[in-house]
Amino acid sequence: MTAERRGPDWLDLQAEGDPHPRRFDAPDTLRGYLLKVERLSPEAAALLLERGEVGPPHARRGYRLERLRR
């Protein structure tokens, strides 16, 4: 029996008002982007990663996360 090689489970981030999703290869990569580029609070980033979506009053605009399995 051979072990099947798998790639990452991709994370697509859709931000309100942005027609193009951003794709990330790991939760840590996404978290860094949310904190530095989108300037979300650590609490808002954690909510997004846990629930798959976050918006006001936790964030300035709505964000939705879709997990893509390979």
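The values are calculated or read from the model by the stated rules, or taken from the named source; none is laboratory data. Quantities reported herein were computed from a predicted structural model and do not represent experimental measurements. Neighbour counts run over all protein chains shown; Cβ positions are idealised from the backbone, glycine included.
Annotations for the structure displayed:
- Verdict on residue 47 being modelled with pLDDT of 95 or more and either in a helix (DSSP H, G or I) or among the β-branched types (Val, Ile, Thr) (or both): yes
- Residues being buried (at least 16 other Cβ atoms within 10 Å of the Cβ) and under 12 Å from the mean Cα position of the chain (by Cα) - total across segment 50-63: 2
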